[in-house]
1. Would you check if there is a residue in the range 16-37 being assigned to a strand (DSSP E or B), exposed (fewer than 10 other Cβ atoms within 10 Å of the Cβ) and among the polar types (S, T, N, Q)?
2. Quick check on Glu149: is it modelled with pLDDT of 95 or more, surrounded by 14 or more Cβ atoms within 10 Å (Cβ to Cβ) and of a type in the set (Asp, Glu)?
3. Scan the range 168-194 residue by residue and report those that are under 16 Å from the mean Cα position of the chain (by Cα) and closer than 28 Å to Lys5 by Cβ.
4. When you check Asp129 against the structure, is it among the acidic types (Asp, Glu), farther than 17 Å from Glu86 by Cβ and at pLDDT 95 or above, yes or no?
5. Condition (residue is on the phi > 0 side of the Ramachandran plot and open to solvent by 70 Å² or more (accessible area, probe 1.4 Å)) applied to the range 71-88: is it met by at least one residue?
6. Within the range 74-130, work out how many residues are of a type in the set (Val, Ile, Thr) and within 10 Å of Val55 (Cα to Cα).
7. Within the range 90-108, can you find the residues that are part of a strand (DSSP E or B) and open to solvent by 30 Å² or more (accessible area, probe 1.4 Å)?
8. Evaluate the following for Ala57: is it among the hydrophobic types (A, V, I, L, M, F, W, C), over 23 Å from Glu199 (Cβ atoms) and either modelled with pLDDT of 95 or more or assigned to a strand (DSSP E or B) (or both)?
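The values are calculated or read from the model by the stated rules, or taken from the named source; none is laboratory data. These numbers come from a predicted model, not from an experiment. Cβ: placed from backbone, ideal geometry, glycine included. Neighbour counts: every protein chain shown. With ligands, DNA and RNA removed, areas are computed over all heavy atoms of the protein, side chains included. Shrake-Rupley method; radii C 1.70, N 1.55, O 1.52, S 1.80 Å.
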Amino acid sequence: MPAAKIISEEPLDNKDAKWIRLKKIHYTDQDGKHRLWESAERTTRKDSGIDGVAVLAVLRSKTKAFPLSTVIIEQYRPPLDNIVIELPAGLIDAGETAEAAAIRELKEETGYEADLTTEPESSPIVVSDPGMTNANMKLVVVNVLLEDELETPTPHLDDGEHIVNRVVELNQLDAELKAYDKKGFVVDARLSHFAAGYEIAKRISSGAFP
């Protein structure tokens, strides 16, 4: 299969845009001065008021056959013209909760099914680039409980969706992401921040921080 790549670029007018739009914001600052701001926003936000979810799947074995792990994905992102290393993620459908969207997206993108005997844990609504967009999301943590050895189920990808899944031990996640960076991949900020926080928490717990 050939590698994905950009073949051309051109300006996009709002009237021709399907997924996003640009807008000019007029506001007054803390000094009462009138100012302008340019912003992008999704056109797909539904009644939940939340654009999407990212899914942190915690994979574990009933027999402890493998270390506590998670699943990350490799996906080409045209705005960066590169493969981005991310958590499974997606937009929230109409009438859907963030937790339901996370369970659905995890199965679609990775084939893994959340353990429904435990409640998913959801973050508050968070943003990642508030200087440019009002796009928001929730991080949803779900458990995936396997009977024994690590399994690699078949994803249920949409047409045109090309995703590579990788299961990574949580204790090795930060090192794996740094290895991706050295190879020229782009690491998503949310995944990177989680991995860095996990690594710092281990160092604090062991008394090795700073």
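1. Filtering the range 16-37 down to residues assigned to a strand (DSSP E or B) leaves 20-28, 34-37.
Then keep just the ones that are exposed (fewer than 10 other Cβ atoms within 10 Å of the Cβ); that gives 24, 26-28, 34, 36.
Then drop every residue that is not among the polar types (S, T, N, Q), which leaves 28.
The answer is yes, given that some residue of the range 16-37 is assigned to a strand (DSSP E or B), exposed (fewer than 10 other Cβ atoms within 10 Å of the Cβ) and among the polar types (S, T, N, Q).
2. On the way: modelled with pLDDT of 95 or more: yes; surrounded by 14 or more Cβ atoms within 10 Å (Cβ to Cβ): no; of a type in the set (Asp, Glu): yes.
The answer is no for Glu149.
3. If the condition is that a residue be under 16 Å from the mean Cα position of the chain (by Cα) and closer than 28 Å to Lys5 by Cβ, then Val168, Leu177, Phe185, Val186, Val187, Asp188, Ala189, Arg190, Leu191, Ser192 are the ones that fit.
4. Numbers: among the acidic types (Asp, Glu): yes; farther than 17 Å from Glu86 by Cβ: no; at pLDDT 95 or above: yes.
So Asp129 does not fit the description; no.
5. Of the range 71-88, the ones on the phi > 0 side of the Ramachandran plot are 81.
From what's left, open to solvent by 70 Å² or more (accessible area, probe 1.4 Å): 81.
Checking the range 71-88: at least one residue is on the phi > 0 side of the Ramachandran plot and open to solvent by 70 Å² or more (accessible area, probe 1.4 Å).
6. Our first condition is that a residue be of a type in the set (Val, Ile, Thr); within the range 74-130, this holds for 83-85, 92, 97, 103, 110, 117-118, 125-127.
Cutting the leftovers down to within 10 Å of Val55 (Cα to Cα) gives us 103.
Residues in the range 74-130 being of a type in the set (Val, Ile, Thr) and within 10 Å of Val55 (Cα to Cα): 1 in total.
7. We begin by selecting, within the range 90-108, every residue part of a strand (DSSP E or B); these are 90-91.
Scanning the range 90-108 gives a single hit, Leu91.
8. On the way: among the hydrophobic types (A, V, I, L, M, F, W, C): yes; over 23 Å from Glu199 (Cβ atoms): no; either modelled with pLDDT of 95 or more or assigned to a strand (DSSP E or B) (or both): yes.
In short, no.
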